[in-house]
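One structure below.
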Amino acid sequence: MKRFCLCMFIFLIISVPAYAVGMKSTMNAVMEGWIGENIDSVISVWGYPTSEQDIAGHKLYIWSEGQSISENIWGTALINQDVCTRTFEVSNSGIITNYNWKGTECPVFRFTGKKWINPHASY
């Protein structure tokens, strides 16, 4: 039994960071595929952004999606938020120049039917 527990512990220590590295590289590849494209191309694939912001002369387009799950386990309320926020910075001519993303569920949404990949990029 001790050997089984030790094997499971080692598996978890190796697999969790590997998943996180894979998640980061997947989202970076998705976002980088849009650099140099017109923002209208992204909107035609992703739909309208959740919000737009002008900050210090920078135009930002933001897509945010996710879900909150509230559970009651033995009288204790647990709230789990699975969120993915993607942001593109766009030049005055509408060309994507930079990106940022954050969240625990970014690649997961990609595999549930969301079309986030630039159909014109070579991955």
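The set of residues in the stretch 91-115 that are under 12 Å from the mean Cα position of the chain (by Cα) and at pLDDT 70 or above comprises Tyr99, Asn100, Trp101, Lys102, Gly103, Thr104, Cys106.
On inspection, Phe88 does not qualify as at pLDDT below 75 and touching a strand residue (DSSP E or B) at 6+ places or on another chain (Cβ under 7 Å).
Scanning the stretch 60-76 for residues that are over 14 Å from Thr50 (Cα atoms), of a type in the set (Phe, Trp, Tyr) and either modelled with pLDDT under 60 or in a strand (DSSP E or B) (or both) yields nothing. Picking from residues in the stretch 33-46 that are touching a strand residue (DSSP E or B) at 6+ places or on another chain (Cβ under 7 Å) and assigned to a helix (DSSP H, G or I), the one that is farthest from Val90 (Cα to Cα) is Trp46.
Residue selection: Ile79 satisfies the criterion of being touching a Ser or Thr at 6+ places or on another chain (Cβ under 9 Å) and at pLDDT below 80.
The values are calculated or read from the model by the stated rules, or taken from the named source; none is laboratory data. Predicted, not measured: the structure shown is a model, and the values here were computed from it. Because the Cβ atoms are built from the backbone with ideal geometry, glycine has one as well, and the counts that use them run over all protein chains shown.
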